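The next block holds one structure in the form of structure tokens; read it before the comments.
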DNA sequence: AACACTATTATCCTTAGGTCGAATGCGACG
DNA sequence: CGTCGCATTCGACCTAAGGATAATAGTGTT
């Protein structure tokens, strides 16, 4: 695996260079491509579609939340994606896997552990920190995880259609953007609705909004919902 | 103003009773109705539509975010609403005003200050803690504030339609829920789109989702977006 | 080469969505 | 008390959306 090619996508220069340092040391002879934003990541990925791994920071400029992960998985299903993130929320970790991540590496992970993770992923396996409970506690998360998996099953074009839908665009407009006919968009739309188990574009738009956009309510609110215990 | 009638809506019993205590002391002879959830608030409000003021906690069970405020403003435009909240985020305060709140009282406010606030609001005025900058820093917030004001201009029925739309419901389903014809819902929908400056229900659904649901990305992310300064 | 999957498009048809105009009813204001 | 404005309601009419089916083509796998 000395000739591996990695893409590192992180907007934080300091951490990016530390990561590059660690990777270079762990995998001698590795080729590294860096991306500092979602835009440059798209660029780098399309120019290096033969990459063996992408180290991805959620919350990069241009793509909060899981949209960058989902995009990569849909666009380049063959390239495993390892999430590198500051948060260690089990809900975030689980959902990352649901969206198709091959590993989740908290930024607090030791160099040795990172090495183990990289080897595991380059070998086609998965890697997780310690023992993250695989099952989610509450019902709400269950439903959202299932939806996340459904979103992950979308093809690249279907995903693009969904994302544009989440911007409130009409079929005709999406067709123009993607330079295909409206009939094609309708076909994709039908497929998206089928895969997500919905029956209207509005539902799909709302769902995509909730699921993909910024680290949102349902993930954060786990710490805040429910009434606090209190004295009389 | 001894015969004033107030509705206190807060799911936290401890704070609710403290607030009741303070109000009783500040306004002798006042009548107080309490609500512990959004549901019970709806009940209390409909049974006391002659109330002079509603003290509202954002983030009650059943209605995170601004939806409860927007609902009250649309349903009972004549009753001023004073927000009572733990957060002191200027963005939250400004948006509360955009949505039609008459006052914003942080839970850290002193009894005397609360008294001043109540008198001001019962007198038809507004009240704010200290000096909150009226202008918002970034462009993003500007746009969202303008949209908030547009949402605040919706009529009760239009708002109900919008909220159900944000759940992904079809016109036919909304018509069934509200027990009117589908044609009526379409008319409301048209009015909503006009007022919000949009041209499709999908846009409206996405927007309502962003704007009304839990203290969301755009409000929280002010503390998180933007690249951190760092050394080379 | 055969197969599976994705993408593209077209046609036909049914249903959902959205605009316009109009009627009703209610409260404010002179 | 009449009238003005506004919210609500609704029908008629046209456009957008979505399902079904089928055909063509490229891609990658077996």
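Numbers below:
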read-out	value
Alpha-carbon Debye profile of region B:39-92, log10 I(q)/I(0) at 0.20, 0.23, 0.31 Å⁻¹	-0.70, -0.91, -1.46
Inter-copy separations for residue A:21, label at 7 Å along Cα-Cβ, nm, ascending	5.6
Most fluctuating residue given options A:31, A:190, A:135, as computed from a GNM of chain A linking Cα atoms under 10 Å	A:135
Equivalent ellipsoid semi-axes, region B:139-180, via Cα gyration tensor eigenvalues times 5, rooted, Å	26, 11, 5
Percent of C-alpha pairs per 5 Å bin, chain B, short to long	1, 6, 14, 17, 18, 15, 12, 8, 5, 2, 1, 0, 0, 0
B:27, B:14 arranged by Cβ crowding within 10 Å, fewest neighbours leading	B:14, B:27
Centre separation in Å (Cα based) which lies between region A:66-102 and region A:1-56	15
For A:161, B:192, order by how many other beta-carbon atoms lie within 10 Å, fewest first	B:192, A:161
Using a 7 Å Cα-to-Cβ projection, residue B:142 label spacings across copies, nm, ascending	4.8
Test item: B:195-201 mean partner chain Cβ contacts at 10 Å	2
Semi-axis lengths, Å, region A:1-81, gyration tensor of Cα atoms, sqrt of 5 times eigenvalues	19, 15, 9
Relative exposure of B:68, A:96, B:17, judged by other C-beta atoms within 10 Å (fewest first)	B:17, A:96, B:68
Projected-area mean, region B:121-208, by convex hull of Cα positions, square nanometres	7.8
Most mobile of A:191, A:117, A:74 in a GNM of chain A (Cα contacts under 10 Å)	A:191
Spherically averaged projected area of the protein assembly as shown from its Cα convex hull (nm²)	25.0
Förster radius 45 Å - calculated FRET efficiency between residue B:177 and residue B:111, Cβ distance, rounded to 0.05	0.55
Whole-Å distance, taken between Cα centres, linking region A:109-176 and region B:104-143	42
Cα-based Rg / Dmax (Å) for region A:49-173	15.1, 51
Cα-based Rg and Dmax for region A:54-119, where Dmax is the largest Cα-Cα distance (Å)	11.3, 31
Residue of B:122, B:198, B:154 that the Gaussian network model of chain B assigns the largest fluctuation, springs spanning Cα pairs under 10 Å	B:198
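Where a number appears in this text, it was derived from the coordinates with a stated rule and is not lab data. These numbers come from a predicted model, not from an experiment. As a convention, Cβ positions derive from the backbone with ideal geometry for all residues, glycine included, and neighbour counts pool all protein chains shown.
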